[in-house]
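J.: Quick one: structure below, then a few questions.
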Amino acid sequence: MGKPLIIVESPAKARSMGKYLDNEFKALASYGHVRDLRPKKGAVDPDKQFEMEYEIIERNQKHVDLIVKEMKKADSLYLATDPDREGEAISWHLYEILKEKGLLENKPVYRVEFHEITRSAIRKAVENPRELSHNLVDAQQARRALDYLVGFNLSPLLWKKIRQGLSAGRVQSPALRMICEREAEIEKFVPKEYWSVEADLNAKSQDFVGKLTVLDGEKVKQFSITDEKTAKDAESRLAKAANGKLVVSKIEKKERKRNPAPPFITSTLQQEASRKLGFSARRTMQVAQQLYEGIEIEGGAVGLITYMRTDSVVLSGDALSEIRELIASRYGADSLPADVRTFKSKAKNAQEAHEAIRPTSAKRVPDILRNQLSDDQFRLYDLIWKRTVACQMIHATIDTTSVDMAAGDVGTFRSSGSIIRIPGFMSVYQEGQDDKKDKDDKEVYLPGMTEGMVVELKQIRPEQHFTEPPPRFNEATLVKTLEEYGIGRPSTYASIISTLQNREYVTLEKRRFEPTDIGNIVNRFLSSHFTRYMDYEFTARMEDSLDEISRGEKEWIPLMSEFWTEFSEQVDEKEESVSREEVIQARTLGEDPKSGKPLSVRMGRYGLYAQIGTKDDEEKPVFAGLRPGQKLDTITFEEAIELFKLPRGLGETPEGEKITIAIGRFGPYAKYADKYVSLGKDNDPYTVEKDVVLKLIAEKKEKDANRLILDFEEQGIQVLNGRYGPYVTDGEKNARIPKDVEEPKTLTLEDCIELLKHAKPGRSKKKVAKKAVAKKKVTKKATRKKAAKKVTKKKASGKKIAKKKTSKKKASKK
């Protein structure tokens, strides 16, 4: 027998395994998932206890074949895939494939789990293996089956009711709902006016600002002053009462303590990398995977961080000892708290046996690795290292001072200042903020003041403000909100966001998510007709149920049955009862002034368009595509009626050719006689002026004239200037002119005919020829199959006849 076979997910990990296990094992990579459900209907059969039909993923077939080959030689199997549901499922699939092939008889199988790729962690894991967790496998099977049943039943319904290529998902669709609802809030938002009053002050030669907090004995709130008249009146009375000076009436000093944030889990790493580095969730996970699997340093691949898919904020005892030692030596003993800081996970199903995301060694300071890491790798490692070290440092101590200054008996202004007296963990790291400025990290100094002291009033400034709508989600706030609602799991957030973008349900404008028209239509349809499955609480409860399965507290088949019974009935009912017109929800804007017919905007199978008239009219409706940036929900009547101005006439060229402006498949263009010229991106077809178009036509004519070198009209042969130099063409074939022909004008008709003899057909002709050949092959195959069927039918019928004859003989003998 050969060596034990150990299987991991990536070739980088396989190399590390071989090195750390001193080549005692044969290490191979599965290259991710090895099997998946058949990509067609029926792969999950609800009638057979949700039996699932798998097949090996084509791109990984060669890797599976190699594993099978090596398993024949191996004496035991160690499954060392990632320590989560996905990793457990990959190990189970590998086990099933090898068992089906009879390669595991009398060979022990071990499941190995480690959370960092270091020599000590891997050796410890191999020495302490466990069995495959069927609870984790069941949870993954249930998740995959649910996603499959939702996708394979809802997506075709969307194709039928809206357009091809759309998809719905168990977690993806509630995430889309979140983005669409935020957009609806923004559109409905009505700004409210309010005013603030500030004073420019000076004390001890230092300028500072005070804000009005009390007016006529009443506390000033956001909407205390809501118009300019009231604000100007307050300014006038305050200035008169103050008479150029304010008197310090109260000084209040406080000490605040601020504690560090816990070490990273998957979701907080994605959020912080988005805020501080501008990384997408997918980019964060890709770079983290590289740091986890190993970077070539110290003469080999070294895993720099622990496993990046985790919801635990726990740090191991060894890691804590090393971090505290580093803090004491690098930042001083004063920066170290007396006791180790511990944190509690907020996640409902946090696996505390796992660890938070941390450096495998805190001693690997980011700066010493800068030259061995890519820019992305360095920035993410730097973020993880700083957050991990900071979480074990002392709190920051911030002194705040508030000074109240009276303007006579009319009002009071307040100035606040803060000084970071002991920075503590803030000297290493501060957590980013979403959609608001972090005031704690900005020091504001005030001059030394005492009660009764007179402060110079330089100016009183009333300022107008308007309330703002809630901000659109960015990646950080979307991930945070999904996590708060319990929708999906951190390991799935990157793929959810990518799917929403790939399906064109949302766009990312200035790093903020904005739903598209198709996204809004899909969301409206699903929210109206599949309300339960779009409900945030239902989706979160389903995630909790899957977590219960992973802990062995629940069976997966009863959960699937309960879900499928109601869901399948609802899909069948909606397919029959909901019309496409009802889903599309055309929006009527008014009446066309010329025809008096209704003008509406709607979603078609090929995009957004405006329509004059209806399908019930005697005359066919007139259509016009919406312009880029125009939306179904916001386009106005005036904007829509403008779309029908094309094609529009623009007079004639000096040669008497009629000019028409229109929009075609490749964008706006001008037609003159039977020729065309593009208007380009800079010219609006609705407003472009005639002299601009005439210039474009003149340039096109000049280009065409220069293009033609020779024209043998009778024979249909031309010598032209092309993109890659001069060539000969007869409309079907193109022939390059040899380099030794210095002047193409000197070519004769005979020269051109000779060159075309050896030329290959043009691209379009090649395609036609290929299609014809392919068609012939298909028809040949079809006729062969038909012939084969006839032969088998004849044989079958022959057998039947023979059987009949033998039965007759038997009957006669009897």
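J.: Taking Gln464 as the residue in question, decide whether it is assigned to a helix (DSSP H, G or I), modelled with pLDDT of 90 or more, out of contact with any Ser or Thr (no Cβ under 7 Å at 6 or more places or on another chain) and surrounded by fewer than 18 Cβ atoms within 10 Å (Cβ to Cβ).
T.: Answer is no for this residue.
J.: When you go through (1) crowded, with 17+ Cβ neighbours inside 10 Å; (2) part of a strand (DSSP E or B); (3) not basic (Lys, Arg) one by one for Gly590, which number turns out not to apply?
T.: (1)
J.: Evaluate the following for Ser361: is it among the small types (Gly, Ala, Ser), at pLDDT 90 or above and in a loop (DSSP other than H, G, I, E, B)?
T.: The answer is yes for Ser361.
J.: Can you name every residue in segment 284-338 that is under 17 Å from His115 (Cβ atoms), out of contact with any strand residue (DSSP E or B) (no Cβ under 8 Å at 6 or more places or on another chain), open to solvent by less than 20 Å² (accessible area, probe 1.4 Å) and among the polar types (S, T, N, Q)?
T.: Ser312 - this is the single residue of segment 284-338 that is under 17 Å from His115 (Cβ atoms), out of contact with any strand residue (DSSP E or B) (no Cβ under 8 Å at 6 or more places or on another chain), open to solvent by less than 20 Å² (accessible area, probe 1.4 Å) and among the polar types (S, T, N, Q).
J.: Among the residues of segment 36-56, are any open to solvent by less than 40 Å² (accessible area, probe 1.4 Å) and closer than 13 Å to Ile97 by Cα?
T.: The answer is no; no qualifying residue exists.
J.: Of the residues Asn706, Asn721, which is closer than 30 Å to Ala662 by Cα and exposed (fewer than 11 other Cβ atoms within 10 Å of the Cβ)?
T.: Exactly one residue qualifies, and that residue is Asn706.
J.: If you don't mind, another one. Which of the following residues is outside any loop (DSSP other than H, G, I, E, B), touching a residue at least 40 places away in the same chain (Cβ under 8 Å) and of a type in the set (D, E, K, R): Arg59, Arg15?
T.: None of the others qualify; the one that does is Arg15.
J.: I need the full set of residues from segment 677-703 which are in a helix (DSSP H, G or I) and not basic (Lys, Arg), in order please.
T.: Listed by number, the residues that qualify are Asp691, Val692, Val693, Leu694, Leu696, Ile697, Ala698, Glu699, Glu702.
J.: A follow-up question, please. Which condition does Met393 not pass, out of (1) assigned to a strand (DSSP E or B); (2) surrounded by 18 or more Cβ atoms within 10 Å (Cβ to Cβ), if it passes all the others?
T.: Among (1) assigned to a strand (DSSP E or B); (2) surrounded by 18 or more Cβ atoms within 10 Å (Cβ to Cβ), the lone unmet condition for Met393 is (1).
J.: Determine, yes or no, whether Pro621 is modelled with pLDDT of 85 or more and either within 25 Å of Arg524 (Cα to Cα) or out of contact with any helix residue (DSSP H, G or I) (no Cβ under 8 Å at 6 or more places or on another chain) (or both).
T.: For Pro621, the condition - modelled with pLDDT of 85 or more and either within 25 Å of Arg524 (Cα to Cα) or out of contact with any helix residue (DSSP H, G or I) (no Cβ under 8 Å at 6 or more places or on another chain) (or both) - is not met.
J.: Sticking with this one: Take residues that are farther than 28 Å from Gly165 by Cβ and tell me which of the strands (runs of 3 or more DSSP E) falling wholly in segment 599-652 contain 3 or more.
T.: Ranges flagged: 648-652.
J.: Sticking with this structure for a sec: Which one of Ile659, Ile709 is of a type outside the set (D, E, K, R), under 29 Å from Glu754 (Cβ atoms) and either at pLDDT below 90 or in contact with a helix residue (DSSP H, G or I) (Cβ under 9 Å, 6 or more places away or on another chain) (or both)?
T.: Of Ile659, Ile709, the one residue that is of a type outside the set (D, E, K, R), under 29 Å from Glu754 (Cβ atoms) and either at pLDDT below 90 or in contact with a helix residue (DSSP H, G or I) (Cβ under 9 Å, 6 or more places away or on another chain) (or both) is Ile709.
J.: For segment 163-180, which residues satisfy the criterion of being under 14 Å from Glu543 (Cα atoms), part of a helix (DSSP H, G or I) and open to solvent by 10 Å² or more (accessible area, probe 1.4 Å)?
T.: Answer for segment 163-180, where residues must be under 14 Å from Glu543 (Cα atoms), part of a helix (DSSP H, G or I) and open to solvent by 10 Å² or more (accessible area, probe 1.4 Å): just Gln172.
J.: Could you please let me know if Asn128 is without any contact (Cβ under 8 Å) to a residue 12 or more places away in the chain, open to solvent by 50 Å² or more (accessible area, probe 1.4 Å) and not aromatic (Phe, Trp, Tyr)?
T.: Yes; evaluated as a whole, the condition is true for this residue.
J.: What helices (runs of 4 or more DSSP H) completely inside segment 475-576 contain at least 2 residues that are open to solvent by 20 Å² or more (accessible area, probe 1.4 Å) and under 15 Å from Val150 (Cα atoms)?
T.: 517-529, 531-534
J.: Right, something else. Consider Leu146 against the criteria (1) open to solvent by less than 30 Å² (accessible area, probe 1.4 Å); (2) part of a helix (DSSP H, G or I); (3) modelled with pLDDT under 90; (4) not basic (Lys, Arg): it satisfies all of them except one. Which criterion is unmet?
T.: It is condition (3) that Leu146 fails.
J.: For residues that are open to solvent by 30 Å² or more (accessible area, probe 1.4 Å) and not polar (S, T, N, Q), scanning just segment 416-433, find the one that is modelled with the lowest pLDDT.
T.: Among those residues, the one meeting the criterion is Glu431.
J.: Condition check: of a type outside the set (A, V, I, L, M, F, W, C), open to solvent by 50 Å² or more (accessible area, probe 1.4 Å) and on the phi > 0 side of the Ramachandran plot. Does Gly667 satisfy that?
T.: In short, no.
J.: Follow-up question, since we're still on this one. Read through the list (1) at pLDDT below 90; (2) under 17 Å from Asn259 (Cα atoms); (3) not hydroxyl-bearing (Ser, Thr, Tyr), then give the number of the only condition that Leu336 fails.
T.: (1)
J.: Tell me which residues, restricted to segment 396-413, are among the charged types (D, E, K, R) and crowded, with 17+ Cβ neighbours inside 10 Å.
T.: Once the filter is applied, which keeps residues that are among the charged types (D, E, K, R) and crowded, with 17+ Cβ neighbours inside 10 Å, segment 396-413 yields only Asp404.
J.: Another one. Of everything in segment 197-238, what is surrounded by 14 or more Cβ atoms within 10 Å (Cβ to Cβ), under 47 Å from the mean Cα position of the chain (by Cα) and part of a helix (DSSP H, G or I)? Give them in sequence order.
T.: Passing the criteria: only Ala231.
J.: For segment 76-92, what are the residues that are open to solvent by 10 Å² or more (accessible area, probe 1.4 Å), touching a residue at least 60 places away in the same chain (Cβ under 8 Å) and part of a helix (DSSP H, G or I)?
T.: Arg85, Glu86
J.: Take Thr565 and decide whether it is among the polar types (S, T, N, Q) and closer than 18 Å to Gly488 by Cβ.
T.: Here the answer is no, as Thr565 does not meet what is asked.
J.: Ok, one more. Spot the failing condition for Leu66; the list is (1) surrounded by 18 or more Cβ atoms within 10 Å (Cβ to Cβ); (2) modelled with pLDDT of 90 or more, and only one is missed.
T.: (1)
J.: Quick one: would you say Ala242 is within 30 Å of Thr450 (Cβ to Cβ), over 48 Å from the mean Cα position of the chain (by Cα) and not acidic (Asp, Glu)?
T.: Yes.
The values are calculated or read from the model by the stated rules, or taken from the named source; none is laboratory data. Predicted model only: the values in this text are computed from it and were never measured. As a convention, Cβ positions derive from the backbone with ideal geometry for all residues, glycine included, and neighbour counts pool all protein chains shown. With ligands, DNA and RNA removed, areas are computed over all heavy atoms of the protein, side chains included. Shrake-Rupley method; radii C 1.70, N 1.55, O 1.52, S 1.80 Å.
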